[in-house]
1. Grab the beta carbon distance between R148 and A23, set R0 = 45 Å, and tell me the FRET efficiency rounded to 0.05.
2. Quick one: which residues, 5 or more positions from R46 or on another chain, have an amide H under 5 Å from its amide H? H modelled 1.01 Å from N in the peptide plane, none for Pro or chain starts.
3. Quick one: length gained pulling N43 to K205 fully straight, 0.36 nm per residue minus the C-alpha distance?
4. Would you list V114, V78 from fewest to most Cβ contacts within 10 Å?
5. Spelling out what I want: for every residue of the stretch 194-211, take phi, set θ = phi - 60°, compute 6.51 cos²θ - 1.76 cosθ + 1.60 (Karplus), and round to whole Hz; glycine and proline get x.
6. How many nm is it between the label spots at A55 and A140, if each spot is 7 Å from the Cα in line with the beta carbon?
7. Among the trypsin sites (Lys or Arg not before Pro) within the stretch 150-215, which fall in a DSSP loop and have no more than 14 other Cβ atoms within 10 Å of their own Cβ?
8. With θ set to phi - 60° and the Karplus curve 6.51 cos²θ - 1.76 cosθ + 1.60, what are the ³J(HN,Hα) couplings of the stretch 142-151 in order, to the nearest whole Hz, using x for Gly and Pro?
Amino acid sequence: MSSIAPTNITTAGETTSDENLDAAQHDELLRLFNRVDALLDTNPGRTVLLVGPSAGVGASSVARGLAAIAAERQGSKVLFLDADTTKDRNQDDPRARGLIGCLERGDDPLRAIVPATESSHGRAYDFARLIDVALPRGHALPPGLIERALQALRNEYRWVVIDAAPLQAAAETMPIARLADAVAIVVEAETTRIPVTQRLLQELKLGGANPIGIVLNKRRFYIPSWIYRRL
C-alpha cells in the first residue's frame, strides 16, 4: 500500500474550518495534497474520501482543509462533498440540496451544488451534500444512485474531496469508499489505538476500497514545531 506521511495538523475537532488555517496547518495540508495528487496523477477527475474510525478524530476538518488547498493549488474547480448520511443538511449550508434527491426526481445533480465564494483563506471550493436529510437507521441508498452522483461530479471537477461518517455509523460509507479513487484514513494522535486503525484498514481493503494511507491528526509537539521542520 502506498502511504501518506503522517501530518501534524492541529484541529479543534469537527468544527474547525479551512478559513482558520494557520501557516503550519497550511504547510501540512499542502504536503498531503501533493502526495495524493502524485498518487492519482493519471486520474482526470479524482475523488478522495477521508474517513475516521470514529467521530471526533477531525476527519471533516482535514477534508475541508484538503479541499481548500486543492482549490488554491489546482487552478480549476474543486468540490467538497458532504456524504455523511447521519446528518441533516441544516447542520451545514442550508442552500445545498441532496445529489441523490435530484437524481431521484430526474433532475441534473449538478443543480444541487452551491458555488464557491471567496473567503479570507483564499479561493474557496464548491459544496454539495449527498442527501437532504439524515437516513433512518436500517435504510440504505441504492449503490447505483451513489455511483451516478459521483460520476457526474468526476465529469465536472478535477478534485472531489469527500467527507463521510465512520463505517460503523453509516451503511453508505463503504459503497462510497469502494467508488472513490482513493481513501485516506484520519486518526487522532495519541488517542486512536493501532488495532482500531488496522481493523478499519482491513475492512476498507476487503470492501474493495483503495486505502492509500493514514493521516495522523491533532499531533502534539513536545518541542517547538520549527525544530521538527529542520529535522
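What follows is calculated from the coordinates using simple rules that are stated; it is not laboratory data. Keep in mind that this is a model prediction, so the values were computed, not measured. Backbone-built Cβ (ideal geometry, glycine too); neighbour counts: all protein chains shown.
1. Rounded to the nearest 0.05, the efficiency is 0.65.
2. Residues meeting the amide H criterion: W159, V160.
3. Gain on extension, N43 to K205, equals 56.3 nm.
4. In order of increasing Cβ crowding within 10 Å: V114, V78.
5. Whole-Hz 3J(HN,Hα) from phi for the stretch 194-211: 4, x, 5, 5, 5, 5, 5, 4, 5, 4, 5, 5, 5, x, x, 7, 10, x.
6. Distance between label points: 2.2 nm.
7. R193
8. With the stated coefficients, the stretch 142-151 comes to x, x, x, 5, 4, 4, 5, 5, 5, 5 Hz.
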